[in-house]
Amino acid sequence: QFHKLDDQYLTLTCALIQARLASRVPVAGDRVIEHSEMGILQRQLQMRRRHLPIRQLFQRIPNLLPRLKPCLLMSPISVAQYLDAAHPPFDLVLFDEASQLPTWDAIGAIARGREAIIVGDPKQLPPTNFFSRSDGEEVGDDDLVEDLESILDDCIAARLPWLQLRWHYRSRHESLIAFSNSNYYDNR
């Protein structure tokens, strides 16, 4: 009975969130003021060429953008490329696979949020500069792969609050994680 009620609650919660977000989306009518944010967006959607660059478009619709897209999925490089530093801050910035992300790539995105969640595993491989060599540079055996400090390493070093994963979707199939669970995670 609990599982049934929990499933119903989950379904209703999803529907409520969708309804709240949908209620914030402006209705595109026939009569839109040309220089309003909605007018600017509609004009760009109607154009076949010579669109505004995305960064400029986002600058011109700072209030409309979060109403249309309350959640943006972007790499840190895309954040730097498409969002001006003056863009209104996001409620939350979330990094996944943070052990693979050098700190200098993450800082700009972190600065654009009120809060941040950094997700990663310090036992995974760190980021490397293997692919960042210039064409004319000689490569020696000693510097083929250089480990770089990740944003996860910096968060751990700064002693930020953290939680350890106690369950993993693959843990339903113990054979997929048995080796690493035993050898790296003390069977936790």
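The values are calculated or read from the model by the stated rules, or taken from the named source; none is laboratory data. Everything numeric here is computed off the predicted structure, so don't read it as measured data. In this analysis, Cβ positions are derived from the backbone assuming ideal geometry, glycine residues included, and neighbour counts consider all displayed protein chains. Areas reflect the complete protein model, heavy atoms only, side chains present, ligands, DNA and RNA absent. Shrake-Rupley method; radii C 1.70, N 1.55, O 1.52, S 1.80 Å.
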Tell me the trypsin sites (Lys or Arg not before Pro) within segment 1-108 that lie in a loop according to DSSP and have at most 11 other beta-carbon atoms within 10 Å.
R31, R48, R49, R50
If you roll a 1.4 Å probe over the heavy atoms of the protein chains, what accessible area per residue do you get for the chain, in Å²?
81
Everything considered on the Cα gyration tensor (a ≥ b ≥ c; rounded for a/c under 1.5, else prolate if a/b is larger than b/c, else oblate), the chain must be described as oblate
5 Å is the cut-off here: which amide hydrogens, built 1.01 Å from N in the peptide plane, fall below it relative to A116, excluding neighbours closer than 5 in sequence?
V93
Per its Cα gyration tensor (rounded if a/c is under 1.5, else prolate when a/b beats b/c, else oblate), segment 71-133 is best filed as oblate
Let me check something: with ligands and nucleic acids excluded, how do F95, F58 order by accessible area (1.4 Å probe), largest to smallest?
F58, F95
May I ask you to rank Y82, Y9, Y184 by accessible area, largest first, using a 1.4 Å probe over the protein chains only?
Y9, Y184, Y82
If I ignore ligands, DNA and RNA and count only protein heavy atoms, how much of M74 is accessible to a 1.4 Å probe, in Å² to the nearest 10?
60
R112 accessible area, assembled protein chains, probe 1.4 Å, Å²:
30
Cα gyration tensor of segment 1-71, axes a ≥ b ≥ c as square roots of the eigenvalues: rounded (a/c below 1.5), prolate (a/b > b/c) or oblate?
prolate
